[in-house]
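Heads up: the structure comes next, in structure tokens.
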Ligand SMILES: [Zn+2]
């Protein structure tokens, strides 16, 4: 009996061990299978797959040639365009009311002197200056500047001081005044420029730049060899047209209306254009300096 019980106990102990061992073999077998499957998968991956249709070789894209840098039209090298006010000298009727010749002055002169007239053609200075001013304006605008005229008609009443004030109000960088001489030496001819003298007490701040502007315009005319320049520069210590200006200013005498040669050529569009070409280039050269 005892033997029987012992045998049963031994069997009872052995059975679970056998089960565990067998089970272990099963697990190990499964692992083997798993490894095999994984190897097969690997092999499958290595196998060349069904050839995928190759994408058609694309035509090589022609690269557009880079556009060459386009040179910008020559413009003054400033962010804001320079403002130029042009005063076509005089008006249809002289104005004999008086105004001071400069700030704080005790001296008075007519608000607007009368025009001079061509000795041969009879052309009026105020019409000539207006015609040339319009042409000059067009040229300077083409060069990239902002341009305003003090007047656009002849029948108007605008004093010397009011014209300078117009330039101030428009924040002009340069104030260009156009005239034609009819009272000086009738033997003389050609353009000349009047600027404030060094001892002009009203123009201490602008005489140097005004002189520089005049120099550049005259030199430009000289270089062009177009026979528009003769006399050069004249200075004035007390000319109201210059005295009232707060910005660099020049008074350009386009020629002599009392000289037959000048009078005749000043009446032609061709000569006016020549003058305008020289003056506008001179102004441009001054600004670009
Ligand atoms: Zn004049």
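Annotations for the structure displayed:
- Beta carbons closer than 6 Å, at least 6 apart along the sequence or on distinct chains, never pair a first residue in the range 121-136 that is over 19 Å from residue 155 (Cβ atoms) with a second that is at pLDDT below 95.
- Checked against the criterion of being under 29 Å from the mean Cα position of the chain (by Cα) and in contact (Cβ under 8 Å) with a residue 60 or more places away in the chain, the candidates 214, 164, 157 yield just one match: 164.
- Candidates 187, 177, 226, filtered to the one that is within 22 Å of residue 266 (Cα to Cα) and in contact with a strand residue (DSSP E or B) (Cβ under 7 Å, 6 or more places away or on another chain): 177
- Residue match in the range 165-182 (condition: closer than 28 Å to residue 260 by Cα, modelled with pLDDT of 95 or more, away from the ligand (no atom under 16 Å from the Cβ) and surrounded by 16 or more Cβ atoms within 10 Å (Cβ to Cβ)): no
- Positions within the range 85-116 being out of contact with any helix residue (DSSP H, G or I) (no Cβ under 7 Å at 6 or more places or on another chain) and near the ligand (Cβ under 10 Å from one of its atoms), in sequence order: 113, 114
- Selection count where residues are away from the ligand (no atom under 15 Å from the Cβ) and under 36 Å from the mean Cα position of the chain (by Cα), scope the range 248-268: 4
The values are calculated or read from the model by the stated rules, or taken from the named source; none is laboratory data. Owing to the predicted nature of the structure, the values given are computational and were not obtained by experimental measurement. All Cβ positions, even for glycine, are placed from backbone atoms using ideal geometry, and neighbour counts span all protein chains on display.
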